[in-house]
Structure formats: structure tokens, C-alpha cells
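Working notes for the structure below.
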Amino acid sequence: MVNLAIDGKRMLDRLSKLGDLGRDADGQLTRLAGTDADKLGRDCLVQWCRAAGLDVQIDRVGNIIAIWQTDENSGMAPIMLGSHIDTVIGAGKLDGCYGVIAGLEVIETLKQAGVSTGRPLAVCAFTNEEGVRFAPDMMGSLVYAGGLAVDDALDSVGIDGPTLMSELERIGYLGAREPGFLRPFAYLELHIEQGPILEAEGIAIGAVSDVQGICWKRLTICGQANHAGTTPMSLRRDPGIGAARIISYLHERASAIDSGFVVTVGSVRFEPDAINVIPSSAVLTVDLRSPDEDVLKREDGALEIFAREMAAESHLGVELLTLVRTTPVAFDEGLVDLVERTAKARGLSCRRIVSGAGHDAQTMAVIAPSAMIFVPSIGGISHNALEFTPDDSLVAGANVLLDSVLNLDHSACRDQPG
């Protein structure tokens, strides 16, 4: 294998520049899918890709695919790299963007070094991975992999009213290519961990073996609004108490299970939301996650049973609605092993790790062998302006991605990744 290293300064400068696009007057970074800020980020990325001599293609849901191929490898399935450049509200500059910029850097490094790859390489920026403005999340890669119809994605209505189709057209990224037009030989995604494990254990690289399954639910508990001072406790139908019982149940249940199962109640809303009125309703969201599909199914069912029994005992009504459901994904064993071996060959400590967050790689795993590479997140902080990974860790991760691509491309068995 050729002894190469990425241009760390170029990659870090690009991450910094991209991270400045979409900031408001207070310095907060928010680049939601289909917004003017998203256009700024897309335009910048496309300019870099074209300057690097890549063939930039835009598909019908706005996915950006930049391809490097030669006469010798034209027509072969590519090794695909990537992630996303849309952000949450008040984001850091690394989530998603690191994987895209590092993917571009890997290709540019190989091109400039005169390295001929056996397969084409492509870097992708998938549309609306975060799912903040349009539902569902991981939308672009889900459409690309055939898990969501193009028209359903384009008809998705944003939280501020317009459809994805109208916004992509407005910003100039409603492309003509059919999603999935370029089926990858393999997909690799470099990402910050977004959790505390690697930093806590002093590990440089995470070889991601699995992605947790996710179940999002909305529970609406209905009771009777009434006067806070004149209604005896024994005669109340208080949905706030019902919500509290569910939250307590979920915490105790998850704390007792030693299987990687985690649960979060991220939002609780009362009506009429007045200090001196017993609520008429309580609406709460529940986020259930596990790397084990059987555990996820069991705990989803247990929550429904508990909620209905609690409501009946308390003379309350309850409705449960599933908002999002993804199954756990095990990444390609050969690729995970390749990442491990590649990191160690660089002299970097490495461990296998399960991702607690969703990523485009889990949807791409349906159509191609896929894997992920993690670098540490300081304090485990992400989806936050305080998100931070040291420059040397970012460069190390990109070099592992570079070597992984070369190892994969030069593998003796071209038909079996790793």
C-alpha cells in the first residue's frame, strides 16, 4: 500500500469555513435542510468538489454525489464515502460535515498523489439527515437506498410550511438523477462519536460494529381540567400524574436492564399550561433505543401495556403513536475488521463500538457492505455549539479513512470487501 497522508490543514480549513456558513447574528450555527443556509453550505461543497476535478451529480431529493473515475475503472461500482452537511439548531461544526469533508480530502489526496484506484470513488452529502425541518431523519440516504419513495420525501412538509420539493427547487438543488443511480461497492462513513466512550477510555479510533435501533413514540394522556384549589386530590383526573408515572416507570425499567437499552423522555407539554389549573392533557415524547431488536420490541410493548393499565387505574385516557421506528443494524464484519486493522497499522488504539445515534451508514447498509469510523468527542457533547474534537484526532481519523479506502480497493478479493 502507498504510504500517504491527507492534507490536514486543508481539511481543517474547510471544516472551519463550512462551519461558518449559516451562523446568525449571535454566532449560532443552524443549517436546516432546504434553507438559504443549506444552499450556502451546498454551494461551497460543490465548488470544492468541482475544483478537485470531480463529476458532481445531484439527484431528485438533493443528494450531492461527487465522483472520481478514470477510463480504467469507469463502469465499476464505486467505494462511496460521505455523511451530511445539514445541522440541528445551534449545532457544532463537525457532526456530519467531518465525514463529507474528510471523504473529499481522501479523494483529493489520492488524485494529487497520482494513485490509480481499481474502483471509482465517490463522496456524498445526503439531504436532511438530521430531520429537524422535514421528516423523517436520514431522509436522503433512506431514499437513495430505496427505503422511502422519492415523491413521499419531496412531499414532506417542513415545520415552517413549505415542502421539501419547493425548497430544493428554490435553492437550486432539485436534481434530475434518480436516487440510487450509483450503487456502491461499499460505503464508509467517518464521524465524531457524539458520545463519551472513546475519550473516557483513551481510545483513538472506534470501529463501529452496530447502530442502535430507535423507537420514537408520542403519548397523549387525557384527563379533566379543573380548579387547582377547589378539587380534592381524590377526585382529580390529572394527566400530569400519569405522565410522571410513565417517566418514573421508564427510568426504573431502563436502569434495571443491562443490555445497552436506553430511554429518554425529551418533551412534556401540558394543556392549558397554567399554574392554577389541573391539566386537561399531557403530551410526552419517548425515545427508546437498543442494539438488540428483541429488547426494543419487548420494551415498546411493555410501555404500551403499562401506559394503558395506568390510565385505566387513574381514570385517564391515553393514546400512543409511533413516530419513528428503525431496526438495529450490524455493519459488515469484513469492513469493521478492516477498519480495526487499518487503525492499528497506523499505531492508533482502536476498539469496537456501538453507535447510539442514527447515521446515513445504517440506511446504506441495506444496499452495500457498510461500516463507520469514530473519533472521540470531548465530553461526549454533540448537537451543541460546544461539540469539539481535537485537530490531531480529526486528522488521524481521516488518515484511517484514507488507508481503509486503499486497503479495500487493493484487496486481493475484489468481490468481498475487507
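Each other residue within a Cβ distance under 13 Å of M364 adds +1 if Lys or Arg and -1 if Asp or Glu, for a net charge of -3. Counting charges near K297 (Lys, Arg +1; Asp, Glu -1) among other residues having Cβ under 12 Å from its Cβ returns a value of -4.
Quick one: go through region 73-91 and flag any residue whose amide nitrogen is under 18 Å from the point 7 Å out along the Cα-to-Cβ line of F181. Only 74-81 fall inside the zone, counting backbone N under 18 Å.
So what's the angle, to the nearest 10 degrees on a 0 to 90 scale, between helix 97-112 and the longest Cα principal axis of the chain? Relative to the chain, helix 97-112 is tipped by roughly 10 degrees. Between G347, N128, I197, the Cα set farthest toward the positive side of the dipole of the chain (charges on each charged residue's Cβ, about the Cα centre) is that of I197. Normalised by the number of residues in region 1-144, the mean separation of alpha-carbon contacts (under 8 Å, six or more apart) gives a relative contact order of 28 percent. Taking the protein heavy atoms of region 167-241 in the context of the full set of protein chains, the accessible area attributed to carbon and sulfur is 53 percent at 1.4 Å. Computed about the Cα centre, the dipole magnitude for the chain is approximately 140 debye when only Lys and Arg (+1) and Asp and Glu (-1) carry charge, each at its Cβ. For L4, the accessible surface of its heavy atoms amounts to roughly 30 Å² (probe 1.4 Å, protein chains only, rounded to the nearest 10). Between I378 and K297, the simple label model (points 7 Å from Cα in the Cβ direction) yields a spacing of 4.4 nm. For the chain, the longest principal axis of the alpha carbon atoms and the long axis of helix 391-409 meet at an angle near 60°. Bridges between two residues of the chain, per DSSP, are antiparallel at a rate of about 70%. Each label was represented as a point 7 Å from its Cα along the Cα-to-Cβ direction; for L323 and K17 these points are 3.7 nm apart.
Where only DSSP H runs of four or more residues are counted, the chain gives -10500 deg cm²/dmol as its mean residue ellipticity at 222 nm, each run worth -39500 (n - 2.57). Quick one: helix 8-19 against the long Cα principal axis of the chain, what's the angle to the nearest 10°, folded into 0 to 90? For 8-19 against the chain, the angle is about 40 degrees. Between V268 and S166, the FRET efficiency from the beta-carbon distance, with R0 = 35 Å, is close to 0.60. Could you tell me which label, among [x] 23, 43, 21, 10, 3, 0; [y] 26, 53, 19, 3, 0; [z] 21, 29, 21, 23, 6, 0, carries the value of P(r) over Cα pairs in 20 Å bins from 0, in percent calculated for this structure? Derived directly from the coordinates: [y]. Given R0 = 25 Å, the distance between the Cβ atoms of T231 and H251 translates into a calculated FRET efficiency of 0.30. Out of the total accessible area of region 1-44 (probe 1.4 Å, heavy atoms of protein only), what percent is carbon and sulfur? Here it works out to 50 percent. Which is farthest toward the positive dipole end of region 1-84 among N3, A66, Q28, measuring Cα position about the Cα centre, with Cβ charges +1 (Lys, Arg) and -1 (Asp, Glu)? Value computed over the given set: Q28.
Normalised by the number of residues in the chain, the mean separation of alpha-carbon contacts (under 8 Å, six or more apart) gives a relative contact order of 22 percent. Relative contact order, whole percent, for region 164-295 stands at 30, derived from Cα pairs under 8 Å and 6 or more residues apart. For the residue pairs K17/K39; K9/K344; K297/K344; K39/K93; K17/K111; K39/K111, the alpha carbons lie more than 25 Å apart in K297/K344; K39/K111. Probing with 1.4 Å while keeping every protein chain in the model, the per residue accessible area of the chain equals 41 Å².
The values are calculated or read from the model by the stated rules, or taken from the named source; none is laboratory data. None of these values were measured; they are calculated from a predicted model. Counting neighbours? That spans all protein chains shown, and the Cβs are built from the backbone with ideal geometry, glycine included. Ligands, DNA and RNA are stripped out before the accessible areas are found, and what is left, the full protein with its side chains, is counted by its heavy atoms. Shrake-Rupley method; radii C 1.70, N 1.55, O 1.52, S 1.80 Å.
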